[in-house]
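**Student:** I have a structure here, written as structure tokens, and I will follow up with some questions on it.
The values are calculated or read from the model by the stated rules, or taken from the named source; none is laboratory data. Source: prediction; values computed, not measured. So basically every Cβ, Gly included, is an ideal-geometry build from the backbone, and we count neighbours across all protein chains shown.
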């Protein structure tokens, strides 16, 4: 955790649009704080996949700021749902990757291509694009690496690779950076491995995991994680500190 004192400005309102999640239910009713997409005759519907993406809008007075957190596992799933939900890529002012696993990052290359020539910052941990895999007790392996970000089109974008915290949206959205593991019950993911300097090593802590934090006036902190590999309690304690 950074020892730097961070001043996170309050916002009047936060609105979170889920652009990708593991399930979709077109028959769920709206609630006071949750407006849902519903099925209709001849209506193109949203899709689900093993992945996550959320559009975070914060408002202070008449000023609105918009950040995209994660991009799903497929090349086009998030873009499809954005079209269905009438979300314009031009609205996105920054992209944040909660960590480097493929279910949060594989939609990034196509999204950047769609957004070009607009250049928005992409906030990632320096480890985010290292190769990753899961090694199961029976010896079988799953590759969960993110995309290779070396295409010339993608290089036109600004990748901010930071271990520490980042303030966005005129200091109204905080990206945590690395989160200290301060308890003995959130032990990480022991089956997880990362390739460093050409060698695979066990990496249960997944230190590139970071969360997004917003301070809502008269309400308190809103904390959004991807997988929450750092641990929900650790993430909350970081935000409170």
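**Student:** Within the range 193-241, work out how many residues are within 30 Å of residue 137 (Cβ to Cβ) and not in a loop (DSSP other than H, G, I, E, B).
**Tutor:** Total satisfying the criteria: 12.
**Student:** I'm trying to understand the selection: among the residues of the range 195-241, which are surrounded by fewer than 18 Cβ atoms within 10 Å (Cβ to Cβ) and touching a residue at least 40 places away in the same chain (Cβ under 8 Å)?
**Tutor:** 195, 196, 200, 216, 217, 222, 227, 232, 233, 237, 241
**Student:** Mind telling me which of the residues 90, 53 ends up being under 19 Å from residue 157 (Cβ atoms) and touching a helix residue (DSSP H, G or I) at 6+ places or on another chain (Cβ under 6 Å)?
**Tutor:** 53
**Student:** With the range 93-136 as the region, which strands (runs of 3 or more DSSP E) entirely inside it contain at least 2 residues that are closer than 15 Å to residue 205 by Cα and either in contact (Cβ under 8 Å) with a residue 40 or more places away in the chain or more than 11 Å from the chain's Cα centre (by Cα) (or both)?
**Tutor:** 132-135
**Student:** For the range 19-42, does any single residue satisfy the condition of being over 23 Å from residue 114 (Cβ atoms) and within 16 Å of the chain's Cα centre (by Cα)?
**Tutor:** For the range 19-42, residues over 23 Å from residue 114 (Cβ atoms) and within 16 Å of the chain's Cα centre (by Cα): present.
**Student:** Residues of the range 45-92 being assigned to a strand (DSSP E or B) and either out of contact with any strand residue (DSSP E or B) (no Cβ under 7 Å at 6 or more places or on another chain) or under 11 Å from residue 19 (Cβ atoms) (or both), which ones?
**Tutor:** 53, 54, 55, 56, 63, 68, 69
**Student:** Taking the range 121-136, which residues are more than 15 Å from residue 192 (Cα to Cα) and crowded, with 19+ Cβ neighbours inside 10 Å?
**Tutor:** 122, 123, 124, 125
**Student:** I would also like to ask the following. Which members of the range 158-180 meet the condition of being surrounded by fewer than 18 Cβ atoms within 10 Å (Cβ to Cβ) and touching a helix residue (DSSP H, G or I) at 6+ places or on another chain (Cβ under 7 Å)?
**Tutor:** If the condition is that a residue be surrounded by fewer than 18 Cβ atoms within 10 Å (Cβ to Cβ) and touching a helix residue (DSSP H, G or I) at 6+ places or on another chain (Cβ under 7 Å), then 180 is the only one that fits.
**Student:** Can residue 14 be described as within 20 Å of the chain's Cα centre (by Cα), over 14 Å from residue 91 (Cβ atoms) and part of a strand (DSSP E or B)?
**Tutor:** Answer is yes for this residue.
**Student:** Just to be sure before I move on: is residue 154 at pLDDT below 95, buried (at least 17 other Cβ atoms within 10 Å of the Cβ) and on the phi < 0 side of the Ramachandran plot in the structure I sent?
**Tutor:** Yes; evaluated as a whole, the condition is true for this residue.
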